[in-house]
Number of protein chains: 2
Amino acid sequence: MKLSQGVEWALHCCSVLALVPPGHTLTAARLAEFHEVPPAYLAKQLQALARADVIAADPGPKGGYRLARPADRISVLDIVLAVEGDEHAFHCEEVRQRGPAACAPPAYRRPCGIALAMGRAERAWRDELRGTSVAHLVMDLALHIHPEAAQKGAAWMEGALR
Amino acid sequence: MKLSQGVEWALHCCSVLALVPPGHTLTAARLAEFHEVPPAYLAKQLQALARADVIAADPGPKGGYRLARPADRISVLDIVLAVEGDEHAFHCEEVRQRGPAACAPPAYRRPCGIALAMGRAERAWRDELRGTSVAHLVMDLALHIHPEAAQKGAAWMEGALR
DNA sequence: GGAATCTCGGATAGATAATATCCGTATTGT
DNA sequence: ACAATACGGATATTATCTATCCGAGATTCC
């Protein structure tokens, strides 16, 4: 059980995009530069976020990425599912229906207790992520960022905006 | 984010082992037969469970596997971590410390908000799994199993016990 | 004591997914 | 028309998962 690298990048990118003034955008190349990650690969994650309507893309020159809606309406779960896919971590393969104790399918109308337990855990995980928004992330960032990092970030943003 | 196949097998195996009378065991081959899974690969999962002290192995002829402690003291989390490893799904690579806004390491003593949010979700997931024991799984099984499956299972167990 | 049986651990391949890159297409602003 | 950008597909590389096999160690039966 491991989350892909792209999830972290996507979360950071959305946090940065939340700080972009309305009417402006950031290109994929700039976002990659800011996080020092491979531009071509980050572009893939950004495309996934765009397909999921988490961020919006303006094509053409002067184009770039921006959040698709206000930061307080984008949950961390939205971002994780956009990049990682919305499949559950645990997939029941119904092994109980195999082997010497197997019966006809109608005997297995209820999901097995194991699948239910794993489903509850997945739900708890998703609920927690759904309850945290990009706005929360930015708030936490603003409260705890080192002044020097904030100044450097602001200076970079100035030259990167479009 | 995907859990390995072995997790489902391990959970089912532990449920079956919980039904083994005290003083008896089941061999890896029997457990594989019951679930119709590859014996050699299931053996790997059982070894992982044994290393984590979830189940105990009696070597030699007449040997086999049994639960290492009462079913109500084995959590689903114990089993999942034994098979999957105890690493967190999200691993923060501290991308904030890279790029044009980077500062000296002392500026990053606090974990970033993104890592904290993902950590809370992981904690919620684990808490849910920790709160469910093998005894709960067996209870659910006993309450909802089809009579025919129960009878077949009992008959198989009779010939499989050692 | 010796042989048989079983678990345990490591070594080994193939299959699947993650990581990373490149190129052609579509779109838009200059 | 040209340049810059996002988009999608194709591809290569690497890691992880899945699956199997074999030898070592341990225990019981003869």
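The values are calculated or read from the model by the stated rules, or taken from the named source; none is laboratory data. Bear in mind the structure is a predicted one, so any value in this text is a computation, not a measurement. When we count neighbours, we look across all protein chains shown, and the Cβ atoms used for this are built from the backbone with ideal geometry, even at glycine. Please note that ligands, DNA and RNA were not included when accessible areas were found on the heavy atoms of the full protein model with its side chains. Shrake-Rupley method; radii C 1.70, N 1.55, O 1.52, S 1.80 Å.
For the stretch B:100-122, name all the residues that are within 8 Å of chain A (Cβ to nearest Cβ) and outside any loop (DSSP other than H, G, I, E, B).
Passing the criteria: B:Ala107, B:Tyr108, B:Gly113, B:Ile114, B:Leu116, B:Ala117, B:Met118, B:Arg120, B:Ala121, B:Glu122.
Return yes or no: is B:Gln5 out of contact with any Lys or Arg (no Cβ under 9 Å at 6 or more places or on another chain), closer than 29 Å to B:His88 by Cα, within 11 Å of DNA strand C (Cβ to nearest atom) and within 11 Å of chain A (Cβ to nearest Cβ)? Explain how you work it out, then say what you get.
Values: out of contact with any Lys or Arg (no Cβ under 9 Å at 6 or more places or on another chain): yes; closer than 29 Å to B:His88 by Cα: yes; within 11 Å of DNA strand C (Cβ to nearest atom): yes; within 11 Å of chain A (Cβ to nearest Cβ): yes.
Taking the combined requirement at face value, the residue satisfies it.
Looking only at the stretch A:8-24, filter to residues that are at pLDDT 90 or above and surrounded by fewer than 19 Cβ atoms within 10 Å (Cβ to Cβ); which one of those is nearest to the other protein chains (Cβ to nearest Cβ)?
Of the stretch A:8-24, the ones at pLDDT 90 or above are A:8-22, A:24.
From what's left, surrounded by fewer than 19 Cβ atoms within 10 Å (Cβ to Cβ): A:19-22, A:24.
On the way: A:Leu19: 11, A:Val20: 14, A:Pro21: 17, A:Pro22: 22, A:His24: 18 Å.
Within the stretch A:8-24, the match that is nearest to the other protein chains (Cβ to nearest Cβ) is A:Leu19.
Do you know which of the residues in the stretch A:115-146 that are farther than 19 Å from A:Leu77 by Cβ and touching a Cys at 6+ places or on another chain (Cβ under 7 Å) is most open to solvent (accessible area, probe 1.4 Å)?
Top of the filtered list is A:His146.
With A:Ala149, A:Ala160 as the choices, which residue is more than 8 Å from chain B (Cβ to nearest Cβ) and buried (at least 16 other Cβ atoms within 10 Å of the Cβ)?
A:Ala160
Do any helices (runs of 4 or more DSSP H) entirely within the stretch B:25-98 hold 3 or more residues that are open to solvent by 20 Å² or more (accessible area, probe 1.4 Å) and within 14 Å of chain A (Cβ to nearest Cβ), and if so, which?
On the way: elements: B:28-35, B:39-51, B:76-84.
Counting at least 3 such residues, we get B:28-35, B:76-84.
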